[in-house]
1. Report, to the nearest 10°, how far helix 167-178 tilts away from the longest principal axis of the Cα atoms in the chain, using its own Cα long axis and a range of 0 to 90°.
2. Using packing as a proxy for protection, rank 310-317, 106-113, 122-129 so that the peptide with the highest average count of other Cβ atoms within 10 Å comes first.
3. Could you tell me how many degrees, from 0 to 90 and to the nearest 10, lie between the Cα long axis of helix 132-145 and the main elongation axis, the longest principal axis, of the Cα atoms of the chain?
4. Rank by packing, highest mean first: peptides 184-191, 207-214, with packing defined as the count of other Cβ atoms within 10 Å averaged across residues.
5. Rounded to the nearest 500 deg cm²/dmol, what is the calculated helix-only ellipticity per residue at 222 nm for the chain, with -39500 (n - 2.57) per DSSP H run of length n ≥ 4?
6. So what's the angle, to the nearest 10 degrees on a 0 to 90 scale, between helix 202-225 and the longest Cα principal axis of the chain?
7. Find the lysine pairs in the chain meeting two conditions, Cα atoms under 20 Å apart and a separation of 8 or more places or different chains, and report how many there are.
8. Could you state the principal axis extents of the C-alpha atoms in the chain, from the largest down, to the nearest angstrom?
Amino acid sequence: MSHNDLSSTFTSNIQAAPAATGDLLDSVDTPALLVDLDAFEDNLARVHTRILQAGLQVRPHGKAHKSPAIAHKQIEAGAHGICCQKVSEAEVFVDAGIQDVLITNQIVGMRKVDRLAALAGRAHIGVCVDHPIQVEQLGDAVVKEGTHIDVLVEVDIGHGRCGVANAFEAIDLARTIQQYHPHLRFVGIHAFRGSAQHMRQPQERAAAVTSAVEKVRGIVQELEAAGFACTTITGGGTGTYMHEASSTLYTEVQPGSYVLMDTDYAANKLEEGSTPLQHALFGLCTVISVQAGHAVLDGGLKAFAVDQGLPRIQLAGWSVKTLSDEHTVIIPDDTATPLHVGDKVRLIPSHCDPTVNLHDWLIAFRGKTVEHAWPVSARGALF
């Protein structure tokens, strides 16, 4: 067999799903990621209803789940499109029939930009910019391809990552975008503060959005005075979506983790009277060893992201001690029920987005039965 034949063999070796439709949940192979459909559907309906009833559009973030099956569920529930972070992510979703994608990131490099310009011939595409070089590369690519892309100027509203600082820079970029009209169309502002999503107190999150609205409103006014209409003002997320929805400024909101949830988002304190979103995402592991004072599970760092802390086991009296590449060590307290080799346990990930990116499949279940095996088709789409 030639080297090329070997390469083709290995790169096409996608792992089989750990379960099939109709299987009992107890038979799912491990480690696996489960999605509780009842919790998933409740989260989906509650967040979409809140945003849509406020008169805004919903544009969920595909980077949270990387699954076209979930994206289609979100569209069916009233979303008018999705967000992605990478061109390769967008390509996966467009290939799966999603027709409106906003890349909430800066795309730099002609290989990526050329692919994005070609993709715009197949779907409605938007992208963010914060520097003239990005606009020039986009402009050259869409003119060559004969396609059209919506462009949003990103404004830094306190996250300290990407985005222009003031109206002067925003107007300068809008003028650069205008030079490529009609292939590039300035449509408005992207204003997202990731850090605000995880501020624990509700008054902190509300204050962060109020500050953002004040800054963005001023920039919008100056853009419009310069002749640039802002038809789209987009941002927000799972932690603050209710504040953007009531801002009278934002036109769409970008929740991502809301359909799955994780322990980090669950640590946010809610406004009095609010009902928390439900955990819908779980890691399922098998007990592979039981020793004096601890047990060992068959999923570790290759099954759970730990940038926001260790996963939390859903078993009274047990807690997670450590993770290594292929193992999680759990320890009991005096109230713990004994575990045995072969038992299966669930853990709640601390951060859903990078955890999902570690898996090929999401096993969606209802009650004790598997209803779907959803491929994580955009897994590893990093470029």
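1. Around 80 degrees separate the two axes.
2. Numbers: 310-317: 16.9, 106-113: 15.1, 122-129: 21.6.
Highest-to-lowest ranking by the protection proxy: 122-129, 310-317, 106-113.
3. With both axes taken from Cα atoms, the answer is about 90 degrees.
4. Details: 184-191: 24.2, 207-214: 18.0.
Put in order of decreasing packing, that is 184-191, 207-214.
5. Helices in the chain give a 222 nm mean residue ellipticity of -9500 deg cm²/dmol.
6. Approximately 20 degrees, to the nearest 10.
7. Close lysine pairs found across the chain: 13.
8. Ordered largest first, the chain gives principal extents of 71, 64, 33 Å.
Read the figures in this text as sums done on the coordinates, not as results from a lab. Being a predicted model, the structure only gives us computed values, none of them experimental. Glycine gets a Cβ as well: all are built from the backbone with ideal geometry, and neighbour counts include every protein chain shown.
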